[in-house]
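These notes are about the structure you will find just below.
The values are calculated or read from the model by the stated rules, or taken from the named source; none is laboratory data. These figures come from a predicted structure and were not determined experimentally. Glycine gets a Cβ as well: all are built from the backbone with ideal geometry, and neighbour counts include every protein chain shown.
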Amino acid sequence: MTWRALRKWNGSRVVYEYHYDEQQNGGRLTSDDLSFDAANLPQCGGNEAMGNEDSYVALGLKVWKAQIDRTNKLFGGLSSEEVLREIAPGRNRLLYLWGHLTAIHDAMLPLLGLSERLHPEFDVAFVSNPDKSRADIPSHEQVRQAWNNVNDELSRGFERMSWSDWLQRHSAVSAEDFAKDTSRNRFAILLSRTNHLSYHLGQAILGRK
């Protein structure tokens, strides 16, 4: 099953999500597909479990870095005139997408317990308000520098984190709520922000054509 997703963000949180253009490949799932026999599951020792989690984290970071590299290549090659191009008539400009991604990534720093935000002022221009609603938004060069600074800071923070650090709660969830749902961890933030980056990168690629 594949689908497209439309998300509305409020700061670093998704406040609305709509799935559309669903496509199913193959036949429907049966009751046999949805059942399992615990007795037949492979048994893993503690070291094997740790190795699996370590591999998942490594893969997540690899995908993140690949998307960052693609974004750097795309936006880094744009002139000051090209970043003002709309991704479609009446839609966001490329500069707004770039600034929006910068603001969302900046918000990851305190969420993951790495540091304070570097550019909280970007929220007003690129998150709280739609594109073209304000004249005093950061310039092309300011967005470029902020994007590089924020992602460099994230990269340095990621290098300091062990696989077990990624499984700890992020700062937006309380200890009580995390005890009820341990999936609300730092690794979930990385995965959701990677998806967010991929979504807007796809828009930007279309906007360049």
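Among the residues of the stretch 127-153, just one is surrounded by 18 or more Cβ atoms within 10 Å (Cβ to Cβ), among the charged types (D, E, K, R) and not in a helix (DSSP H, G or I), namely ASP131. Scanning the stretch 96-109 for residues that are touching a Leu at 6+ places or on another chain (Cβ under 7 Å) and either within 13 Å of ASN72 (Cα to Cα) or part of a strand (DSSP E or B) (or both) returns a single hit, LEU101. For GLY202, the conditions (1) part of a helix (DSSP H, G or I); (2) modelled with pLDDT under 95; (3) in contact with a Leu (Cβ under 8 Å, 6 or more places away or on another chain); (4) not aliphatic (A, V, I, L, M) all hold with the exception of (3).
Identify the residue in the stretch 60-119 that is touching a strand residue (DSSP E or B) at 6+ places or on another chain (Cβ under 6 Å) and not basic (Lys, Arg) and, among all such residues, is nearest to GLY157 (Cα to Cα). Going through the qualifying residues, I end up with LEU84.
Being touching a Gly at 6+ places or on another chain (Cβ under 7 Å), over 22 Å from ALA188 (Cβ atoms) and modelled with pLDDT of 95 or more is a description that applies to VAL143.
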